[in-house]
Each structure stands twice: as C-alpha cells, then as structure tokens.
Amino acid sequence: MVSRVIPVDRFDLVIFGATGDLANRKILPGLFRRYCAGQIPEGSTIIGAARSEMTPEEFRDQTRAAIAEFGGNKCDDEGALDGFLPMLDYVAIDAKGDGGWDDLKSKVRDDTVNAFYFSVAPALFGDLAERLHTRGIAGPEARIVVEKPFGRDLASAKALNAALAEYFDETQIYRIDHYLGKETVQNLMAVRFANILFEPLWNSQFVDHVQITVAETVGVGGRGSYYDKSGAMRDMVQNHMMQLLCLIAMEPPYHFDPDAVRDEKLKVIRALQPVQPADIVRGQYAASKDAPGYLEDAEDPESTTESYIAMKCHVANWRWVNTPFYLRTGKRLRARTSEIAITFKEPPHQIFDDAEGEWRENVLVIRLQPNEGMNLKMMIKEPGPGGMRLVQVPLDMSFAEALGDEADITDAYERLIMDVIRGNQTLFMRGDEVEAAWAWTDPIIEGWEARGDKPQTYDSGASGPDDALMLMHRDGRRWREIRE
Ligand code: BG6
C-alpha cells in the first residue's frame, strides 16, 4: 500500500488567535507536517492574526519554536522548515475595532481558496464574521472554521449559529470536533459500512449493550479555571462522546457525503431519550501523594463541577430500543485509553450444555487510542483431547501491525484543516447537530443545578467513583477494565 497525498488547491489560510495554545500545539505544527507530506501547494500563505504586535519574522520564530516542541518527529529536516516558514505572514488585528483589517484585506487574494480559522473565544465569532464580510475580505466561497466550545448551552449555541449565519451560509461553516478527524473514528464508519459482517447484527436483537470509554490520565491543572466552567459533560460528552455514539448508532447514510452523514447523525441525537438522574454518576478526582486534587486544580474548594461522568443512555428508535449505551469519560483515571465495546447477546440456544469452561459473550472492541485497532472476542474449543471445553479468545488486529507505515496516524487537525481547504464538510458538525446535542444536554445540567447535586470523589489513578460500577452492576453488567 502506498500512502497517498490528495492534492488541494492553493490557499490563503488566516488563523485568528495565531499566538494561542491551539495554534501553537496543533494548527501550525499540523500544517508543517502537511507541508512535509507535500500537500501544501506552492504559493499558499498562512497568515497569523492576533492582538499582539509582532512582525512576520517574529511570528515565524514563534512557529519554528512551536514545531520544535509539538511537531513530532515526522519531519525533522531543517530544509523543510526553510521551505515552510516563508509561507507564513502576520497581521496584528483588533477583533472588535478597525486596526489591521485593511492590512489583512491586502493579503487575502481573490484567486486562492480562502479559509479563516477562528481559534479565539466564541465571544469574538460575531465580530470577526461581521468584519470579514462587511470589509469584503471573505466572499461567498470563503470557509470559516470554528473551534469548540460551540456554546455552553442551547441558547448560546443558537446565538453563535445566528451570528455566523448573518454573514455566511451553512455550507461555508466548518465546526470542528477533533474526534471526527481521528483516523480510527472514521474507521468506525468503514468497519460498519464497508463490511457485510457486522451490520446485520448491529441492532437490539443481537447487541446487548454498548460501552464507550474515553479515559485520560491527565488532570485539569493549568486550565482548571476554564475547565471548571465546563466539566466533563460540556467538555467531552456533548461533543466528542456524542459523535462516537452517533457513528455507532446511526443508520447507513446513502452516500459518504456531508449532508447524508450528518442527517443520519442528527436523527440519532434527536432519538436520544432524556437521561434519568439515577442513570448518571459524576465524580471529582482526589489529591494523590504527588498531585493535587480536582478542587485545587480548579482553584475552587466549593466546586461541584465533574471531572468524571458515567451515564446510561437510550436511543429510542427501532434499531436500538432496549440496548443501553453506557458512556464514561474522566480525568486522572488509571490509563489513557479510548474504546468502544459492543457486547453481543447469547446465542439463542446453547448446544454445549455439558461443556466445561464458561460461556462468555462475543465482544467487538474498537480501540480508538492508543494502539488503534480492533479486537473480537470469540468462543472456541480449547485445543486438545478430553471433551468440549469452551474458551474465549481474541481475534486481535492492531492497525499498526496490519498496515505498517500506512497506519502512521495523521493528527486529527491535519486532516481536518486539509478537508476545509478541499471544501469537504463531512467531518464537521452542522449547526442543527450542535443545537440538538445541547437540547439533550441542557436538561441534564439544569437538573444537577436545581437539585444542588455534588460529584463523588474518586482516587486518582482509579477507574472512577464506586457508584459508576453500580450503574452497570445493577443491570447485571460490568465495565471493561480501563487499561492501555
Ligand atoms: C478536548 C477537551 O476537546 O479533548 C480536553 O477539551 C480533552 O479536556 C481532549 O483532554 C481529549 O482529546 P484527545 O485527542 O487527547 O483524546
């Protein structure tokens, strides 16, 4: 297999917030890696725009340092930097005033793809959109890229959608959920819709339940005050976990086409039933001997924000009635691991009554990170004479082993930025999708607030609060172990 780089057209990409954390960690190093892969056409420009006064040369120095720190080792050739850095330019801009806009206009050309990346606080989205439009910088073909958080509830998400819609068409707006840019997340669609094997079983007749886990070992130290206004529900469930659930639960789209895929995801979100308080467990990590606890990281000893959440959800439609989806995500857990496990039901009739060994369910595990791959747990006969003894074994596939260099996983941001330039919205959230996700999330959060619910404490390095175990135990099920 030969790695393919699909060419894109020459572009001018303006990054608002170019001195910020995301630009330095992800966007600029990602663009550099695409340059190394030969995907950035000659004559393209990357224009940093931020409040700080800085020369283009200083911006290039900042980018050089960011690449050194976050660029990875895919392209460590100094010569490549010499080719990449001259593509960078910089404009000091006043998002709410007049400063810098004429300068920016003079740099964005009419005969290239124009993309504007809003890597800034959502409160500035409207100001940027208005200036880009009224000053004639972003025309009807231009693309606007916006980052999460896209609102903190339905009302604010609607306001953001309205602010963008005043100047741009939905076909121009690219709302990023970086989980959709992950190689293995897209693989969920390939596994389901490019194979005949699973789809006939992919429903409540055959699937007992689904577990979606996104576990992290990091705490929120360093971004505690931001995180504390958000919590795991807003930070992870409303967006990333919801997208994973959609890709597992959706009907096959008629084509791998932006609206066809997003229409099907939207139907899943709309079919999600309200979650009962008894079906949600929230937690906060405790201090360990070498790291502070959540309350210290959040710098608020009274905080009731959750750093962990586990919940049982139901998708109320023909396919999934009676198949629960258990979601859990949290910080400072035992291992960094993200996976989706689909547990199938028992065969309708057991013929091995007298078999020794314990019958166990078939489980399909899709590992999203790290060690991307799939694992199908099956029953076989234990080899050897002496009767029929059943044993569960894994059919294990690591994408890295199966695909070699091909599995060299591209960072989500690299892929998504190139999709913007290509004009492909399939992996971006549509406005109605985001609103539907908030419409489901809002009553849950409002319920906690109204009741004054407090999260339980869990030990750092554990699997989460004890009640999260009970959430499954009382249904006669159990969580998979969190481990790499
Ligand atoms: C971000 C959240 O969107 O996703 C972070 O704000 C979280 O809190 C991160 O750590 C997880 O992303 P990844 O790619 O490391 O799984």
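What to note about this one:
- Working note: Debye formula, equal point scatterers on the alpha-carbon atoms of the range 367-417, no solvent; log10 I(q)/I(0) at q = 0.27, 0.29 Å⁻¹ is -1.00, -1.06.
- Toward the positive end of the charge dipole of the range 299-342, with +1 on the Cβ of Lys and Arg and -1 on the Cβ of Asp and Glu, the farthest Cα among ILE342, THR304, HIS314 is that of ILE342.
- Solvent-free Debye scattering, log10 I(q)/I(0), computed from the Cα coordinates of the range 177-313 at q = 0.21 Å⁻¹: -1.29
- Within the accessible area of the chain, the carbon and sulfur atoms contribute 51%, probe 1.4 Å, all protein chains present.
- Ratio Rg/Rh, restricted to the range 307-348 and using Cα atoms, in which Rh is the Kirkwood radius: 1.07
- Solution diffusion estimate, µm²/s, Stokes-Einstein, the range 170-255, Kirkwood Rh from C-alpha pairs, 20 °C, viscosity 1.002 mPa s: 139 µm²/s
- Calculated P(r) of the range 423-484 - Cα pairs past 18 Å, %: 65 percent
- Magnitude of the charge dipole for the range 25-89, about its Cα centre and with charges confined to Cβ atoms of Lys, Arg (+1) and Asp, Glu (-1), is about 420 debye.
- Considering the range 241-332 at the alpha-carbon level, its Rg and Dmax are found to be 17.6, 54 Å.
- Unpaired by the 4.7 Å Cβ criterion, cysteines found in the chain: CYS246, CYS313
- A 1.4 Å probe, protein heavy atoms only, puts the accessible area of HIS349 near 130 Å².
- For the chain, the fraction of alpha-carbon pairs lying more than 44 Å apart is 17 percent, rounded to a whole number.
- For the pair the range 92-136 and the range 393-459, the centres of their Cα atoms are 28 angstrom apart.
- Three principal axis extents describe the C-alpha atoms of the range 1-115; from largest down they are 51, 32, 21 Å.
- Residues whose amide H falls under 5 Å from that of GLN369, counting only those 5 or more places apart or on a different chain, are SER338, with hydrogens built in the peptide plane.
- Beta bridge orientation in the chain: antiparallel %, DSSP, nearest 5: 55 percent
- Think of the chain as a dipole: +1 on every Lys or Arg Cβ, -1 on every Asp or Glu Cβ, centred on the Cα centre; then among SER225, MET241, VAL365, VAL365 lies furthest on the positive end.
- Cα-based equivalent ellipsoid, the range 379-478: semi-axes from gyration tensor eigenvalues, Å: 38, 33, 15
- Using Cβ point charges alone (K and R +1, D and E -1), the dipole size of the chain about the Cα centre works out to roughly 860 debye.
- Gained length - PHE352 relative to GLU481, 0.36 nm times residue gap less alpha-carbon distance: 43.6 nm
The values are calculated or read from the model by the stated rules, or taken from the named source; none is laboratory data. Note that the structure is predicted; figures quoted are calculated from it, not measured. For neighbour counting, all protein chains shown are included, and Cβ atoms are generated from backbone atoms with ideal geometry for every residue, glycine included. With ligands, DNA and RNA removed, areas are computed over all heavy atoms of the protein, side chains included. Shrake-Rupley method; radii C 1.70, N 1.55, O 1.52, S 1.80 Å.
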